[in-house]
Amino acid sequence: MLKILSRIYKKTIDDTLDFRYGVLKKINKELALRWTLATVGLVEIAEFLEDEDVEDVALIPGRPIYITRKWGKENSGKMCKGKAIRAILKIAHLKSVELSTSTPSLRYGLKIGPLRLRISLDLPPIVPLPQAYLRIHRGRITLAQLLRSGFLTEDQLREIYRWVREGRHIVVTGPPGSGKTTLLSALDDLIPGEWQRVYIDEADEFEDDPQKNQIKIRNVNKVKEIYASLNRNIDVIFIGELQYEEHFAAFKTAVEIGLQTLATMHSVNVNDAVTRLRRREIDVKNLGIVQLGKKYAGTIERRVVELYAE
């Protein structure tokens, strides 16, 4: 059965995996995820993706597989043999992600059954052998859930909501693994469904929602053409992460032509975030910064630690 399904492809790899998972779920709901992973060569890491406590998986050939659980990082006791990385590279090719020495560090999203994966790849020459880092999202987290968990307070949410309604640009900043993308995705619910939103670069981080007017663009280098053809209809722009120069350029262009823009960015504090934005000549006068923090205290605690707006 798995051999037959492995030969069946739909329009996209995400559609393919969705189809395979749907078929296998009807046969055995508990094993459907593992079997679907097996059809694309990812059975090596199936146990970690099935484990509800695992948030991240780090794969370096010939090294132990390290995982991050809800309470911290640990050595899984299992070695990375490289098969999963080869499968991840193949999937990247199927998603038309550019793999070359000119783009030795890249990311893409992948939906497998109930999971959404954010996969980061590092390639030679910056590392000796390809290695991968997987962030696991187990279902979409809502603002109500973030409030209940203590991730943010009602006062903080009211202030962010005011920013959204005012048309203020928003950058969610913080250290790796602090919940930046989770919060950005949840903030999408504050925007009226009929508004035209465009998701750029890390478009796979945002679930398809028939109640929202969505356009997904996976190539940040196509931004100028997109703005030129669609700018009269666009209401909001989402940029997955301000990481490289082209991301900052896309953000700056959107702001300059009057499009409300939301994004994430790495920073250790608000001052660091403001400095990074100003260094790229981005005006912070009509911009709100949501600074996140992360610490280990029995479990990994993630919080909104500061809101900043001039």
Of the residues that make up region 126-135, is at least one free of Cβ contacts under 8 Å to residues at least 40 places away in the same chain, touching a Ser or Thr at 6+ places or on another chain (Cβ under 8 Å) and surrounded by 15 or more Cβ atoms within 10 Å (Cβ to Cβ)?
no
Within region 120-140, of all residues that are within 13 Å of the chain's Cα centre (by Cα) and not polar (S, T, N, Q), the one nearest to residue 183 (Cα to Cα) is 140
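Restricting to region 20-29, name every residue that is free of Cβ contacts under 8 Å to residues at least 24 places away in the same chain and either charged (D, E, K, R) or within 16 Å of residue 95 (Cα to Cα) (or both).
Result: 20, 26, 29.
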Could you tell me whether any residue of region 168-176 is within 20 Å of the chain's Cα centre (by Cα) and farther than 22 Å from residue 282 by Cα?
yes
Strands (runs of 3 or more DSSP E) wholly inside region 64-121 containing at least 2 residues that are at pLDDT below 90
72-79, 105-112
Evaluation of residue 218 against (1) in contact with a helix residue (DSSP H, G or I) (Cβ under 8 Å, 6 or more places away or on another chain); (2) charged (D, E, K, R); (3) modelled with pLDDT of 80 or more (one fails), failing number:
(3)
Odd one out for residue 77, checked against (1) within 21 Å of residue 137 (Cβ to Cβ); (2) surrounded by fewer than 14 Cβ atoms within 10 Å (Cβ to Cβ); (3) of a type outside the set (A, V, I, L, M, F, W, C)
(1)
Log entry, pairs with first residue in region 106-117 being at negative phi, second being in a strand (DSSP E or B) and of a type in the set (Lys, Arg), beta carbons closer than 6 Å, six or more apart or on different chains, reads 109/118
So, residue 86, is that one among the charged types (D, E, K, R), more than 23 Å from residue 61 (Cα to Cα), surrounded by fewer than 18 Cβ atoms within 10 Å (Cβ to Cβ) and touching a Pro at 6+ places or on another chain (Cβ under 9 Å) or not?
no
Taking region 268-310 and keeping only residues that are on the phi > 0 side of the Ramachandran plot and surrounded by 15 or more Cβ atoms within 10 Å (Cβ to Cβ), one is left with none
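Looking only at region 14-45, count every residue that is part of a helix (DSSP H, G or I) and over 22 Å from the mean Cα position of the chain (by Cα) and tell me the total.
Of the residues in region 14-45, 15 are part of a helix (DSSP H, G or I) and over 22 Å from the mean Cα position of the chain (by Cα).
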List the number of the failed condition for residue 232; all other conditions in (1) at pLDDT 90 or above; (2) part of a loop (DSSP other than H, G, I, E, B) hold.
(1)
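The values are calculated or read from the model by the stated rules, or taken from the named source; none is laboratory data. Remember, it's a predicted structure, so these values are computed and weren't measured experimentally. So basically every Cβ, Gly included, is an ideal-geometry build from the backbone, and we count neighbours across all protein chains shown.
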